[in-house]
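Below: one structure, written as structure tokens.
Read-outs: derived from the displayed coordinates by stated rules, not from any lab. All of these numbers come straight from a predicted model, not from anything done at the bench. When we count neighbours, we look across all protein chains shown, and the Cβ atoms used for this are built from the backbone with ideal geometry, even at glycine.
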Amino acid sequence: MAAADSPSAALRRDLCSRGIRLAGKMRADVVDLLDAYVEQQGLDASASVAAVEGVPLAAVERWDEQTGTQRLLENLAAYRAFRALLAQMLEEQREQLGEADAGLGRALAAVLLQVSAFAYHLEELLRLESRGIPGNAEEEEEEDGPPPPPRLSLFEQKLRGLGVLRELAQWAVRSVRDLRQLAKPSPATGAASGLAESP
Amino acid sequence: LGGPQNLKCVTHNLHKMLCTWDMSSRGRHGQMDFCYTTNDLTTQVCFKTKERRVEIPIPESSITVTIKNSGTAFATKEFVIHQKDISFIPVTPHILSLMPDFPTSTLNLKWSDNGSVFPYGLDALWQIQILRKEAMEVVTQVTYYSKLTHEDVILSWNWTSDMPLECTSHYVKIRCYINATHFLGPKDWSDWSPAGVIPGKDAEPGGSGVFPLDSVVAVGSDLTFCCVHEEDQRITNMTYGSKSYTMMQLSSRSHAIRVLNASVSNSSGTNVVCRLENGLEGSVVFVGYAPDSPQNLSCETPNFLIIKCTWKPGRPSGLYGKRRTKYSLFERTSGKNVSCEVSEVNKDHVCGFPVLPDQKSYDFILGVSNPIGQAQSSLLVDITQRVHPKTPEKLTVTGSNSTSIQLRWFINGSFAEIRLLCQIEVTSSHSERKLYNVSMPGRKSSTYTAQLSALHPDTKYQFRVHCSAADHFWRWSDWSRGVEQTTSEA
């Protein structure tokens, strides 16, 4: 007979499943945006893009060994980084294209909104575990101003955008797996695994 | 034997000449006595020299030179030199400055014409050579003309390359020819100057990339793009948009492609991509049109507070964002300039200019520019003759009886300087649509009234009003909203 869920475990599983849906929707939208972006920027969809500075990599070694807190913290750091990168892409889009191709601008803004919402969702999960939420690098930057981004040429900006969207799509997949992992009850206590055993 | 021979004299400045000679094998060394005399010299001028070259004045007509080799008693030779025997070869010019302007791929060359040593008014020809690549291939040779003014004048010349200056090193050489018509001797070009050089990125350690970088060019241009890479990197191909182009090698670190008659690019520009064995370099070029002159420029005022100018922009430029076509409205009388916020996409080209105190006549120049070109249109207008009032508002019936009715309405705007003409449209089920004209002094943001009589009793009428300037009609305002009223029974 399965042990009755404690209220926080039930809330955590609810947050995880909502997070999984959010990440799934985000991934679909990012893939659509990626197709539109490649076409609109005249890029070659198969172009290999070197690792772009400042873009968090979704690939991780020994994924299974990560604790729940590590998963959440890494996810949160990544989506905060994507929030800043997408905001910069949106700014560049407006500067370069003005009102032309407003559709792409709207799609970019929509994904930015989802990324922000997902970051907030991750903070909720961390709050639930009364884990301190790491300072938002962005807010700290706002006090002394964001470091000026390196002046990229337009082609480099295009490639960076491609790299950002590709990696974001990968992160959405990883986030679904991470949240599924977090939602699983751990064998011993029947509570959601991962978070409890972290140091 | 042992005597001087082959005396030759050359002048570089038409004042002095440099004479040189050979000595036959035996008399090659030792000191010599060099003497010369001309018709206008009373005595011979002599001096000793070990060099076999001497600088002496140019004779008016001829000069007699005697060279005696001190070591050998009988080795004395006399030469008579006429002006026609003297060659005139100007001094080799030297480049004062050679400055690149990379965004425009233009070289600016400055040099001194050394005119102070020559008489006033001589014609000078300058041949300028541009060379490229490691093999110093001549790209172009141009002749530049100037007139000497007996002063040293710094001459300046620009050259725009058909390829970005970053692509490979460019070299410049210059030489000159002075058309001294009064000088009898043979005249020739000077030597070439030492080459000035503008190093390309391919001469720069670590220099790499596709050039030009993020440029804006006119549709129909023939473009050259180059890919600068490391020496050991093999270049796979270069594409412009989706098409691959044959590459030309400029140097061991630079390859180029040539795109002819470029067509308009899409809003995000056309990518020029250089694929290397282990990497990607690229640039973006925006190909668009220079702006057309604005057509049908028209300006009117709705309220004597603002002047609204509209126009037809002509062909879209194909440029967007910060490269879009920008408009500004300049008024000559007041000197005031206004930049216009024009939407690229929804195509309504309107610009507002404030009505200025005590100014009726406006001499407008609508300036339009984008990175490719600029154009303008002008219009002289008296705004009292260009009144297009706003739609009358709050049309209400303020009184009525069986055969007449009083109407009141409001028009936003300051019309104190003109008379207004308003037209009231009256319709009813019994009779045809009638229009009544009523004229009144304009006022500042005010209500206006009118009375209509000769109406039919017990009849439902619909009324609406529009207005314009009375004295110089320009355009009616839009119709106001309608109002309905039934006259009372008789």
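For the protein assembly as shown, state the average projected area of the convex hull of the C-alpha atoms over all orientations, rounded to one decimal in nm². Don't jump to the answer; show the numbers that get you there.
On the way: hull surface 236.0 nm².
Spelled out: convex hull of the Cα atoms, projected over all directions, averaged, 59.0 nm².
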Q: Determine the gain in length on full extension of the stretch B:Thr246-B:Glu51; use 0.36 nm per residue of separation and subtract their C-alpha separation, reporting nm with one decimal.
A: 64.3 nm
Q) Treating the beta-carbon of each Lys and Arg as +1 and of each Asp and Glu as -1, no other charges, what is the dipole magnitude of the protein assembly as shown about its Cα centre, to the nearest 20 debye? A) 1080
Q) Quick one: Karplus J couplings for the stretch B:391-402, per residue in order, coefficients 6.51, -1.76, 1.60, θ = phi - 60°, nearest Hz, x for Gly and Pro? A) 5, x, 10, 6, 5, 9, 8, 9, x, 6, 9, 6
Q: Collect residues whose amide H, placed 1.01 Å from N in the peptide plane, falls under 5 Å from the amide H of B:Thr391; neighbours closer than 5 in sequence don't count.
A: B:Asp478
Q | Vicinal HN-Hα couplings computed from phi for the stretch A:9-20 (Karplus, 6.51 cos²θ - 1.76 cosθ + 1.60; Hz; Gly/Pro x) | A | 5, 5, 5, 5, 5, 5, 4, 5, 6, 5, x, 5
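Near A:Glu92, within a Cβ-to-Cβ distance under 10 Å, what is the net charge of the other residues, with Lys and Arg +1 and Asp and Glu -1?
Details: positive: A:Arg94, A:Lys158, A:Arg160; negative: A:Glu91, A:Glu95.
Here the charged neighbours net out to +1.
For the stretch B:91-154, compute Rg over Rh where Rg is the Cα radius of gyration and Rh is the Kirkwood radius from the inverse mean 1/r over Cα pairs. Please list the in-between numbers first.
Details: Rg = 14.0 Å, Rh = 13.4 Å.
Value, to two decimals: 1.04.
Around B:Ser446, under 14 Å between beta carbons, what's the net of Lys plus Arg minus Asp minus Glu among the other residues? Working shown, then result.
Working: positive: B:Lys390, B:Lys394, B:Arg408, B:Arg419, B:Arg443, B:Lys444; negative: B:Glu393, B:Glu417.
Summing Lys/Arg as +1 and Asp/Glu as -1 gives +4.
Can you list which of the chymotrypsin sites (Phe, Trp or Tyr not before Pro) found in the stretch B:62-134 are DSSP loop residues with at most 12 other C-beta atoms within 10 Å?
Details: sites: B:Phe74, B:Phe79, B:Phe88, B:Trp111, B:Tyr120, B:Trp126; in loops: B:Phe74, B:Tyr120.
Hits after loop and neighbour filter: B:Phe74, B:Tyr120.
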Q) Hey, rough spin-label estimate for B:Asp348 and B:Ser453, points 7 angstrom out along Cα→Cβ, what's it come to in nanometres? A) 4.4
Q: Just name one of B:Gly373, B:Trp21, B:Thr224: the one whose Cα is farthest towards the positive end of the charge dipole of chain B (beta-carbon charges, Lys/Arg +1, Asp/Glu -1).
A: B:Gly373
Q: Could you run the Karplus curve 6.51 cos²θ - 1.76 cosθ + 1.60 with θ = phi - 60° over the stretch B:16-21 and give me ³J(HN,Hα) per residue in whole Hz, x for Gly and Pro?
A: 10, 10, 9, 9, 10, 8
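Would you please report the Å³ per residue occupied by the convex hull of the alpha carbon atoms in the stretch B:193-323?
Numbers: hull volume 25.5 nm³, N = 131.
Once divided by residue count, the hull of the stretch B:193-323 is 194 Å³.
Quick one: compute the contact order of chain B, relative version, from alpha carbon pairs under 8 angstrom and 6+ residues apart, as a percent.
Values: 1291 pairs, mean separation 40.1, N = 490.
It rounds to 8 percent for chain B.
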Q. What is the extension gain from B:Ser488 to B:Lys8, computed as 0.36 nm multiplied by their sequence separation minus the C-alpha to C-alpha distance, in nm to one decimal?
A. 160.3 nm
Q. Kirkwood Rh over Cα pairs of the stretch B:77-212 into Stokes-Einstein at 37 °C, 0.692 mPa s: D in µm²/s?
A. 198
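Which loop trypsin sites (Lys or Arg not before Pro) in the stretch B:190-252, with loop taken from DSSP, have no more than 14 other Cβ atoms within 10 angstrom of their Cβ?
For trypsin sites (Lys or Arg not before Pro) across the stretch B:190-252 that sit outside H, G, I, E and B with at most 14 neighbouring Cβ atoms in 10 Å, the list reads B:Arg234.
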Q) What cysteines in the protein assembly as shown have no other cysteine with a beta carbon less than 4.7 Å from their beta carbon? A) A:Cys16, B:Cys176
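Provide the three semi-axes, in whole Å and in decreasing order, of the ellipsoid equivalent to chain B as defined by the square roots of 5 times the Cα gyration tensor eigenvalues.
Numbers: eigenvalues 1494, 213, 34 Å².
Three semi-axes, in Å: 86, 33, 13.
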Q: Identify, among B:Cys35, B:Phe286, A:Ala81, the residue whose Cα sits farthest towards the positive end of the charge dipole of the protein assembly as shown, taking +1 on the Cβ of Lys and Arg and -1 on the Cβ of Asp and Glu, with the dipole about the Cα centre.
A: B:Cys35
(Q) Under the rule of at least 5 residues apart or a separate chain, name every residue whose amide H is placed under 5 Å from the amide H of B:Thr486. (A) B:Tyr461
Q: Of the options A:Ala23, B:Thr11, B:His456, report the single residue whose Cα projects farthest towards the positive end of the charge dipole of the protein assembly as shown (beta-carbon charges: Lys, Arg +1; Asp, Glu -1).
A: B:His456
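Give the calculated FRET efficiency between B:Asn39 and B:Ala203 to the nearest 0.05, with a Förster radius of 60 Å applied to their Cβ-Cβ distance. Numbers along the way, then the final one.
Values: r = 58 Å, r/R0 = 0.97.
Efficiency, from the Cβ-Cβ distance: 0.55.
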Q) Is the stretch A:1-118 best put as rounded, prolate or oblate by its Cα gyration tensor, with a ≥ b ≥ c the root eigenvalues, rounded for a/c under 1.5, and otherwise prolate when a/b is larger than b/c, oblate when not? A) prolate
Q) Over what distance in Å are the Cα centres of the stretch B:272-297 and the stretch A:44-121 separated? A) 27
(Q) Give me, ordered by chain and number, the residues 5 or more places off B:Val216 or on other chains with an amide H under 5 Å from its own placed amide H. (A) B:Phe286
Q) What does the charge count near B:Val259 come to, summing +1 for each Lys or Arg and -1 for each Asp or Glu among other residues with Cβ under 10 Å from its Cβ? A) +1
Q. Relative contact order, percent, of the stretch B:30-97 when contacts are C-alpha pairs under 8 Å separated by at least 6 residues?
A. 31
Q. Under 29 Å from the Cα of B:Lys68, which lysines turn up, not counting those fewer than eight places away in the same chain?
A. B:Lys8, B:Lys16, B:Lys48, B:Lys50, B:Lys77, B:Lys84
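Shape call for the stretch B:28-115 from the C-alpha gyration tensor, a ≥ b ≥ c root eigenvalues: rounded (a/c under 1.5), prolate (a/b greater than b/c) or oblate? It would help to have the intermediate numbers written out before the result.
On the way: a/c = 4.43, a/b = 2.49, b/c = 1.78.
Because a/c hits 1.5 or more and a/b exceeds b/c, the stretch B:28-115 counts as prolate.
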Q: Rounded to the nearest 0.05, what FRET efficiency do B:Ser62 and B:Val142 give with R0 = 45 Å and r taken as the Cβ-Cβ distance? Could you check?
A: 0.70
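What full-extension length gain, to one decimal in nm, is calculated for A:Arg94 and A:Glu39 as 0.36 nm per residue of separation minus the Cα-Cα distance?
Answer, rounded to one decimal: 18.1 nm.
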Q. Given labels modelled 7 Å from the Cα in the Cβ direction, how far is it in nm from B:His150 to B:Ser263?
A. 6.4
Q) For chain B, with only Lys/Arg (+1) and Asp/Glu (-1) charged at the beta-carbon, what is the dipole magnitude about the Cα centre, in debye rounded to 20? A) 340
Q. Can you give the FRET efficiency for B:Gln295 and B:Gln359, using 1/(1 + (r/R0)^6), R0 = 22 Å, r = Cβ-Cβ distance, to the nearest 0.05?
A. 0.25
